[in-house]
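The values are calculated or read from the model by the stated rules, or taken from the named source; none is laboratory data. A quick note: this is a predicted structure, and the numbers were derived from the prediction, not measured. So basically every Cβ, Gly included, is an ideal-geometry build from the backbone, and we count neighbours across all protein chains shown. Areas reflect the complete protein model, heavy atoms only, side chains present, ligands, DNA and RNA absent. Shrake-Rupley method; radii C 1.70, N 1.55, O 1.52, S 1.80 Å.
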Amino acid sequence: MQELADAIEAVAGVLVTRPVSTTRLSGGHAWTTLLARDAAGDEWIVRLAPAGGTMEPYDPAVEAGWIEAAAGSVPAPRVLGLDRSGALLGSPFSVQTRAPGEVLDLDEVPEVERAAYRRSFASALGALHREGRAEDMTADDALATEWLRMFEEYRRIALHRHPGFEIGLRWLRARLPSGSGRAVLCHGDYRFANVAWTGPGEIGAVLDWERAWTGDPMADIAFTRQFSGWCAVDGDAVAAYEQAAGITVEDHRVAYGLRFERARAYLSPLRLMRAIAERRVHDPRLAAIAEAGEAGMWELAAWGDGTYLPPLEGELPPVDGPDWSAVLEDPGLRAHFDAHPRPSPVDPGDAEAVAAAVRSWSERQAMRRRRTWH
């Protein structure tokens, strides 16, 4: 671990007492997160970019910038230093302080303590949105800007066209809301699993800022309702959020945000598909995420519901592009894909072909569920 100790000293400006031990922390798949502990007991968090993953292109300065922007609103780790070049450890990385507290599983929290967690969770998000308001941009403008970024990234990284995703993009553009307040600093991944707790309802730090953006606060609230179960900013937690944020929760914008965040999340499996096809990813867990994302995108085709949606403009990926799973090297996954073939790419403009592909996918999913239940 001499190389890691040297790298921490070089970018963080701290003294590291050799030897250094490391523990890989569980959690998301965006970065490789290590807890480094030296012989004197000092600890640091090292966030190392993988060869390919869900948040490409990897740049630790992006997360560092959002953490700095959030300073003073919610507790968060401090970034002590970073290397964007990858020269020191072979990949870009940042060194951060270890946040106080621990990450909990939703099911681990006793029922009698959940109300306290919900209030603090909602209030912290409200404080972030109150302090991080963008005076030069409305939430509507932020959604339109982020939609364009999503579309441009899809055009750049997709190996072939994905009808469900394209219908989702078309629906989101056609239904962009209007008349809201200011854009705010959105965490973008605000869920119970990204908060370290020092006690019941006591937040030690909000973690994992790599998906942060200047956006609609209702999208952040929507995200909690997708991924935080009983701790979501919903029901009686709305009052705590509104008091902290000085913002009224608008249900129709939250409903839009649910779809917006769902489509936005599918960029991660699209990035993985390309990284796997380019032989930069060999982790079966990431391949499984890519497969789940590819399958889930078909559900967005239902958003069309027979109404007219404006077409996407500009050059799009090829209809019949390369099969990302053809290069998988794990025998178990190879056997899985052979037994469960996925829908072939179809022209998103061919309504009958899209409908047939969705039916085919839905039937296979139903069969798999029946096998699981029995």
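Overview of values
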{"read-out": "Options Ala196, Trp230, Phe260, ranked by Cα towards positive dipole end of the range 182-285, top entry (Cβ charges)", "value": "Phe260"}
{"read-out": "Cα-centred dipole magnitude for the range 39-99, charges only on beta-carbon of K, R (+1) and D, E (-1), debye, nearest 20", "value": "60"}
{"read-out": "Calculated [θ] (222 nm, deg cm²/dmol) that DSSP helices of n ≥ 4 give over the chain, each run adding -39,500 (n - 2.57)", "value": "-14000 deg cm²/dmol"}
{"read-out": "In nm, spacing of pseudo-spin labels at Tyr308 and Asp347 (7 Å Cα→C-beta vector)", "value": "2.1"}
{"read-out": "Cα gyration tensor shape for the range 106-194, rounded if a/c is under 1.5, else prolate or oblate", "value": "oblate"}
{"read-out": "Among Ala39, Ala355, Ala12, residue whose mean-square fluctuation peaks in a GNM of the chain (springs only between Cα atoms under 10 Å)", "value": "Ala39"}
{"read-out": "Computed over the range 213-317, Kirkwood Rh from alpha-carbon pairs, angstrom", "value": "16.3"}
{"read-out": "Assigned charges on the beta-carbon of Lys, Arg, Asp, Glu; the chain dipole about Cα centre (debye)", "value": "600"}
{"read-out": "With DNA, RNA and ligands ignored, accessible area of Ile247 (1.4 Å probe; Å², nearest 10)", "value": "30"}
{"read-out": "Cα gyration tensor shape of the chain, rounded if a/c is under 1.5, else prolate or oblate by comparing a/b with b/c", "value": "oblate"}
{"read-out": "Extension gain from Ala51 to Thr22, taking 0.36 nm per residue of separation minus the Cα-Cα distance", "value": "8.5 nm"}
{"read-out": "Calculated FRET efficiency for the pair Glu43/His282, C-beta based, R₀ 41 Å, to 0.05", "value": "0.85"}
{"read-out": "Overall form of the range 39-81 per C-alpha gyration tensor (a/c, 1.5; a/b vs b/c)", "value": "oblate"}
{"read-out": "Cα-centred dipole magnitude for the range 95-196, charges only on beta-carbon of K, R (+1) and D, E (-1), debye, nearest 20", "value": "380"}
